[in-house]
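Here the structure comes first, spelled out in structure tokens, and everything after it is commentary.
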Amino acid sequence: MLETHTRLRQLRKTDSLQNLIWYLARRFTLFVGSLVAASALVFLLLRMLPGDLAQAKLGIEASPEALAQTRTEFGLNDSLILQFVKWLGNALSGDLGVSMLTGANIAQEIVNKATVTLPLIGLASVLALVFAIPLGMYSALNFRRRKGIGIAAISQLGIAIPTFWVGVILVTIFSVKFQILPSGGFPDAGWSSWSGCLESLVLPAITLALGQIAMLMRFARSATIEVLQQDYFRTARSTGLTRGQALRVHGVRNSLVPVVSVLGMQIATLIVGAIIVEHVFALPGIGQMLLQDVSIRDYTKVQGTVAATTAAVFFVSFLIDALLGFLNPKSRASQ
Amino acid sequence: MNRNRNLFFGICLVAFSSTMALLSVLWTPYDPLEINPDISLAKPSWSHLLGTDVLGRDVFSNLLAGSRTTLITAFLVVMITMSLGVTTGIGAALSPRWFNRTAIYSIDIVLALPAVLFAIVLAAIRGPSTFTAVIAISIATAAAVAQVTRREVNVLLNSDYVLAARACNSNRLRIVRRHILPNIRASLFIQASGAASIAILAESTLSYLGLGTTPPAPSWGRMLASSQQYLIIDPIVALWPGLAIIFTVLGFNLLGDGLREALDPTLRKSKS
């Protein structure tokens, strides 16, 4: 009897390990595939410009000689596929080329600007998780009571609020009215004056987090409602735990799975949200740089920045999926 | 009404903003583009219900005219999204296995692309306009619709009544028309209202960033962007376009939730 049991367990273990490896391999193929497809798309779109990059750089009145020289310089005489493969190869080794207008190293600039954008996104995600899960649970515990419905209604409203408007309102309250936090900008010294940096990231991070809180709360709420109806929850209650205690022991982890997976899907929204928030608060991050490059039509830099950002989005969603594969065997089986 | 509050409020809000948009075609209190520097940043009064902006333009008239831009965008996005998404979804489900697989992967890739980033690239190339915004938003939402549709159609194709229809020698077109479309209609309505609310948020965001609707066409996103510069003098002007966006988006969200409650019998059971 015991032998069969052990044998079964071993079988299940190897089986699930194989499953996991297959799942990760499939997920990784999708990651690489989407990366190549997305960069090809951006590349092609930018090549569909009227005229070509050399023309865009030098203007309509440029002499044919100057145009020809720039074309050789940027390798525009090669076939499209060769250009793309070259660019992709360089990009994979971390070289995104130079800006068409200023000649600055694009990868270097992105890394510099990331010191603003990454802390912003990180701070916002932490805020979102810290507030969304307890709020969602609270609203689930008070399901169909006035308090719970009130919180659900606020979350419904929170999803409908545009990010930039929240930013504008927060600036009005905290910077214009009470003048306790800066309305925008970032210390020139960077993170060497870290208190100033944190201060100027508080409002942007709250702005970015609010929409996410409203969104994640709904998932935490429905996951908790589900847990409340489970048999194991009733068993936990019957051992004498209160609803709150039982939820803390058995509910938190179970409701964490959908919340983390939603946060993973939301990472794209967070990054795009960061572009908007940086614009509202005049933060010198990647998003603000991208918008400026778009307005001065620095196409090579737009291409590099968009490709890098998309790669980051894909990578994070791959990581989250891999994490969920470990956490929750059910998610591997899908598809 | 008592049983489905979401649907009731959703319909009310959507009807209200549609009425405002229709009204703005026929009549606005002032010409929304009329500049009058003498009454710059006037407080709300009987002659200017919500006051004026920095150029002396009537805020209420601009709000009305902005709702037109917003709803036209939403309408176009919903039309493109639904036709593109549903055809792709059904087509993928009906096609041979290998194509179905490829379709899944391509849809997944488009879904993973951040729509606003894509819109930014498009705006960089074609110059900002409402049209580029509509295209970028539609492609992103269509992928989501295609994914859901494909999944649902796949389930339906394995049902007994589709099998029976095939046994009766119905061709594919007939099966789609008689057995599949009626069964996914509910989910299509829900997704259409979802696409509308996404479109409104995205359009206002892009216009706020200067990548969507271009001046002088009035739009809520741009109204907010211009009011932001005068926050210190007059913060109230920034309030109205934001509230307008919130209530329109809320309307479409509630409409979607309400429709889901009304049309999905399994949900009704678990709720009562």
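Details
- Simple rule: put +1 on each Lys or Arg Cβ and -1 on each Asp or Glu Cβ in region A:81-155, find the dipole, and look at A:PRO119, A:ILE133, A:GLY150; the Cα lying farthest toward the positive end is A:GLY150.
- Dipole axis of chain B (+1 Lys, Arg; -1 Asp, Glu on Cβ), positive-most option in B:ALA195, B:VAL153, B:ALA112: B:VAL153
- For region B:133-272, the convex hull drawn through the C-alpha positions has a volume of 133 cubic angstrom per residue.
- Cβ crowding within 10 Å, taken as a proxy for footprinting-reagent exposure, orders B:ASP257, B:ASP160 from fewest neighbours to most as B:ASP160, B:ASP257.
- Charge dipole (region B:5-271, unit charges on Cβ, about Cα centre) - positive-most of B:ALA103, B:ALA142, B:VAL176: B:VAL176
- Rounded if a/c under 1.5, otherwise prolate or oblate - region B:47-134, Cα gyration tensor axes: prolate
- Stokes-Einstein translational diffusion, region A:114-284 - Kirkwood Rh over all Cα pairs, 1.567 mPa s, 4 °C, in µm²/s: 75
- Model label points for B:ALA186 and A:VAL257, set 7 angstrom from Cα along the Cα-to-Cβ axis, are 2.6 nm apart.
- Fewest-first ranking of B:SER47, B:SER226, using other Cβ atoms within 10 Å as the exposure measure: B:SER47, B:SER226
- Degrees separating the helix B:115-126 axis from the principal Cα axis of chain B, which is the longest one: 70
- Using the alpha carbons alone, the radius of gyration of region A:155-203 stands to its Kirkwood radius in an Rg to Rh ratio of 1.09.
- Shape category assigned to chain B from the gyration tensor of Cα positions, a/c cut at 1.5: prolate
- In terms of overall dimensions, the C-alpha atoms belonging to region B:138-211 reach 57, 17, 17 Å along their principal axes, ordered largest to smallest.
- Relative to the Cα centre, the charge distribution of chain B, modelled as +1 at Lys and Arg Cβ and -1 at Asp and Glu Cβ, gives a dipole magnitude of about 1520 debye.
- Cα-based shape type of chain A, given that a ≥ b ≥ c are square roots of the gyration tensor eigenvalues and the cut on a/c is 1.5: oblate
- Taking 0.36 nm per residue of separation and subtracting the Cα-Cα distance, full extension of the segment from A:TRP22 to A:THR242 would add 75.0 nm.
- Only Lys, Arg, Asp and Glu carry charge here, each on its Cβ (+1 for the first two, -1 for the last two); on that basis chain A has a dipole of about 2160 debye about its Cα centre.
- Per-selection Rg to Rh, region A:189-228 - Cα, Kirkwood hydrodynamic radius: 1.33
- Volume per residue of the C-alpha convex hull in the protein assembly as shown, rounded to whole Å³: 226
- Close lysine pairs were tallied over the protein assembly as shown: pairs 8 or more places apart or on different chains with Cα atoms under 23 Å apart number 7.
- At q = 0.32, 0.33 Å⁻¹ the log10 of I(q)/I(0) for region A:80-120 amounts to -0.99, -1.00, computed by Debye summation with a single uniform scatterer per C-alpha, solvent ignored.
- Sorted by Cβ density within 10 Å, fewest first, the residues B:ILE232, A:ILE276: B:ILE232, A:ILE276
Laboratory data are not the source of any read-out in this text; all were calculated from the coordinates shown. No experiment lies behind these values; they were computed from the predicted model shown. Note that we place each Cβ from the backbone using ideal geometry, even for glycine, and neighbour counts take in every protein chain shown.
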